[in-house]
Amino acid sequence: MSFLEQQYLDFENVLSYRTRVDINRLDAILKFSEENIDALGLRATGNTLFTVFEKVKDNNKCILGIEILIPVDKAFESNEQYVYKPEFRLVNAVSARFCCPYSDIDSANASLIEYLNANDLKAISSIYYMNSKSDPLSNVFDAYVSVSDNLL
């Protein structure tokens, strides 16, 4: 597996949607979100990202609290479900490409954290996952985490 340093993500006009989902249905909610933003009069202009802000394991289930971020073609008014973010920017990030189902996200995270530790890098953001728009059914996604530039 190869890791890339000093990566940069920057999107304007971003739709943010926070929810909870069973890890086995993560693919479905990402696909649903992408396919139904036209109901808001919006069109996706880039790859969908998501981050995990909560993880609950209960009765052999894994429930994730996630934020889905979709770059869209124009500004819109926020409501109870969807929040408008004028810009999303992630700088000085380390990224890696993974080919596995999202249910194996823990092993992808472990690989990324192991790389950071081996290279004395300190994460300063959550891990953001970007699915492949060119082949959305392929189980290929990139993981990004911003790291500190500080030398202390």
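Hand me the list of strands (runs of 3 or more DSSP E) wholly inside region 1-103 holding 1 or more residues that are among the β-branched types (Val, Ile, Thr), touching a residue at least 24 places away in the same chain (Cβ under 8 Å) and open to solvent by 80 Å² or more (accessible area, probe 1.4 Å). Can you show your working first?
Numbers: elements: 3-22, 49-58, 61-71, 82-99.
Passing ranges: none, list empty.
Which of the residues belonging to region 1-41 are farther than 30 Å from Lys61 by Cα and of a type in the set (S, T, N, Q)?
Step one: filter region 1-41 for residues farther than 30 Å from Lys61 by Cα, giving 2-14, 38-41.
Within region 1-41, Ser2, Gln6, Gln7, Asn13 meet the criteria.
Please determine, by comparing only the residues of region 85-119 that are of a type in the set (Ser, Thr, Tyr) and within 15 Å of Phe50 (Cα to Cα), which one is modelled with the highest pLDDT. Before you say what the answer is, go through the steps one by one.
So in region 85-119, the residues of a type in the set (Ser, Thr, Tyr) come out as 95, 102-103, 107, 111, 115.
After this cut, where a residue has to be within 15 Å of Phe50 (Cα to Cα) as well, the list is 95, 102-103.
On the way: Ser95: 95, Tyr102: 84, Ser103: 83.
For region 85-119, the residue satisfying everything is Ser95.
Identify, by number, the condition in (1) closer than 17 Å to Asn47 by Cβ; (2) open to solvent by less than 20 Å² (accessible area, probe 1.4 Å) that Leu116 doesn't meet.
With respect to (1) closer than 17 Å to Asn47 by Cβ; (2) open to solvent by less than 20 Å² (accessible area, probe 1.4 Å), Leu116 is out only on (1).
Check whether at least one residue in region 72-85 is under 15 Å from the mean Cα position of the chain (by Cα) and within 20 Å of Leu26 (Cβ to Cβ), and report yes or no.
no
Any residue in region 141-152 that is closer than 13 Å to Leu49 by Cβ and at pLDDT below 95 sitting within a Cβ distance under 7 Å of a residue that is basic (Lys, Arg) and in a strand (DSSP E or B)? List the pairs, counting only those 6 or more apart or interchain.
Asp142/Arg97
Among the residues of region 113-133, is any in contact (Cβ under 8 Å) with a residue 40 or more places away in the chain, in contact with a strand residue (DSSP E or B) (Cβ under 9 Å, 6 or more places away or on another chain), part of a strand (DSSP E or B) and of a type in the set (D, E, K, R)?
No, region 113-133 contains no residue that is in contact (Cβ under 8 Å) with a residue 40 or more places away in the chain, in contact with a strand residue (DSSP E or B) (Cβ under 9 Å, 6 or more places away or on another chain), part of a strand (DSSP E or B) and of a type in the set (D, E, K, R).
Going by the structure shown, is Ser134 within 27 Å of Ile37 (Cα to Cα), at pLDDT below 90, surrounded by fewer than 16 Cβ atoms within 10 Å (Cβ to Cβ) and more than 15 Å from the chain's Cα centre (by Cα)? Walk me through it before giving the result.
Values: within 27 Å of Ile37 (Cα to Cα): yes; at pLDDT below 90: yes; surrounded by fewer than 16 Cβ atoms within 10 Å (Cβ to Cβ): yes; more than 15 Å from the chain's Cα centre (by Cα): yes.
So Ser134 fits the description; yes.
Of the conditions (1) at pLDDT 95 or above; (2) touching a helix residue (DSSP H, G or I) at 6+ places or on another chain (Cβ under 9 Å), Glu67 clears all except one; give me its number.
It fails just one condition, (2).
The values are calculated or read from the model by the stated rules, or taken from the named source; none is laboratory data. None of the values given here were measured: they were computed from a predicted structure. In this analysis, Cβ positions are derived from the backbone assuming ideal geometry, glycine residues included, and neighbour counts consider all displayed protein chains. Please note that ligands, DNA and RNA were not included when accessible areas were found on the heavy atoms of the full protein model with its side chains. Shrake-Rupley method; radii C 1.70, N 1.55, O 1.52, S 1.80 Å.
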